1. Take the Cα atoms of segment 81-149, find their three principal axes, and give me the spread along each one in whole Å, biggest first.
2. Within the chain, what's the longest stretch lacking GluC sites (Glu not before Pro) that sit in DSSP loops with no more than 13 other Cβ atoms inside 10 Å?
3. Tilt of helix 341-351 relative to the longest C-alpha principal axis of the chain, in degrees (0 to 90, nearest 10)?
4. Please enumerate, by chain and number, the aspartates and glutamates with C-alpha under 14 Å from the C-alpha of K186, excluding those fewer than 8 residues away in the same chain.
5. Sort out the exposed loop trypsin sites (Lys or Arg not before Pro) in the chain (DSSP loop, at most 10 other Cβ within 10 Å) and tell me the longest stretch that has none.
6. As I understand it, the value is the acute angle between the Cα axis of helix 22-32 and the longest principal axis of the Cα atoms of the chain; what does it come to in degrees, rounded to 10?
7. Can you tell me which lysines have their Cα less than 23 Å from the Cα of K70? Leave out same-chain residues fewer than eight positions away.
8. Could you work out how much longer the chain between V144 and N104 gets when fully extended? Use 0.36 nm per residue separation minus the Cα distance between them, nm to one decimal.
Amino acid sequence: MELTSEQSKYKKVLLQYLEEHQSLFLNEWNETRIINEIDPYKEKIKENGYEMFSLVMNTIKGSLSEEMLKQLAYKIANERLEANINIGDFLYNINLGRNIMVRNVFGANIPIHNTQVFIDAINKHFDTFSYHAVTRYTNLKNKVIEEKNSFISENHKDKLAVLGQISSSFVHEFRNPLTAIIGFNKLLKRENPNLKYLDIIDYELNQLNFRITQFLHTSKADFNEEKRERLSVMELIEEIQQLTYASIVDASINVEIEFYSGLCVTASRDELKQVFLNLFMNAIDALKDKEQPRKLGVHSFTERNELVISISNNGPAIASECTESIFEPFFTTKELGTGIGLYVCKKIIESNDGYMKCVSNDDLTTFSIHFPDNKMIDD
């Protein structure tokens with residue numbers, strides 16, 4: 001701060017005035033600033049005020065280095081982070097101190113044309129302090145958030161690892177007798193084609209096998225790339241419609257399919273079938289408690305060089321905050337859901353070079369599968 005001889009003379013007047021009235025300034029600041037009762041550093045706030053006043057005096061004297069101001073800014077930023085108090089309160093208090101200091105500069109009875117240089121110095125002082133304090137606070141806060149996210153991620157990986165061990169043991173212990181039951185049921189159907197309920201038993205056994213496979217898939221970090229082939233999407237949809245026919249009829253659901261019959265894609269048949277079956281069953285579950293009409297729609301179209309296959313229903317809307325998390329493992333909106341199905345669907349589609357989206361409102365909930373157009377084949 002470069003001063004003329006006249007300004008240097010008034011600098012001494014101002015410093016003397018501020019020193020004589022220091023307690024008045026600080027008392028006004030202490031009485032008017034915001035202090036949270038649960039703040040563990042509330043007793044230090046007053047000490048910080050005295051230290052800030054001292055640095056302002058050094059600024060006017062021209063003997064303050066920015067490093068000294070930065071040290072105080074970092075110290076208070078650390079305290080504000082540990083206190084977990086609204087940063088807005090802190091900035092309010094800083095600007096309150098600034099206003100008190102600037103207002104009282106005029107109390108020194110310095111000619112008005114000589115006060116501006118001192119006001120500019122005080123404003124720069126508080127601006128520099130606020131910059132360093134907020135920057136430090138933001139960096140520390142981001143570090144805390146990163147550490148929490150890292151912990152959540154590691155915790156999630158640990159859960160998946162444990163689930164993988166459980167799933168592997170469960171599958172080996174359960175799938176062998178299940179395979180035997182499925183095989184004997186097929187023999188019964190072949191030997192007794194007119195025997196009632198064998199189709200139902202066969203369907204339920206396949207559903208059980210499907211759920212076991214879901215648990216197995218969830219425990220894997222990556223999905224094994226199964227054999228990809230040229231598939232008629234319409235045939236897969238019709239197959240899923242037959243598998244879910246009993247549930248559709250029982251719930252009185254009107255299925256609307258708008259599909260180009262010759263549409264084919266290159267993908268894993270079993271995996272894509274698993275995705276469609278899961279989306280159909282979820283839609284049926286969503287519609288069971290809805291009043292008529294109950295609609296389940298399946299559509300295909302191209303959009304921005306993508307093939308889009310959508311499965312929608314007019315059941316209850318999914319909350320907007322849930323649509324972002326609905327594909328995460330263990331996240332579910334169902335009372336008895338496992339939070340596995342949609343996660344598996346998403347991983348399967350991604351392993352086949354696509355991605356999934358969910359859009360929901362009061363009229364319609366739509367799960368869409370997006371494939372790049374190079375996956376599409378027209379008959």
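1. So the three principal-axis extents are 57, 17, 12 Å.
2. Numbers: sites that count: E2, E37, E225, E291, E324, E335.
Between the exposed loop sites, the longest stretch runs 38-224.
3. Compared with the principal axis, the helix lies near 90 degrees.
4. Excluding near neighbours in sequence, the set is D199, D202, E204.
5. 1-195
6. Roughly 30 degrees, rounded to the nearest 10.
7. Within the straight-line limit of under 23 Å, K70 reaches these lysines: K42, K44, K46, K61, K124, K141, K143.
8. Net length gain for the segment: 10.4 nm.
All of the numbers you see were taken from the coordinates with simple rules; none came from a lab. In this text, all values refer to a predicted model and were calculated from it rather than measured experimentally. Positions of Cβ are backbone-derived with ideal geometry, glycine not excepted, and every protein chain shown enters the neighbour counts.
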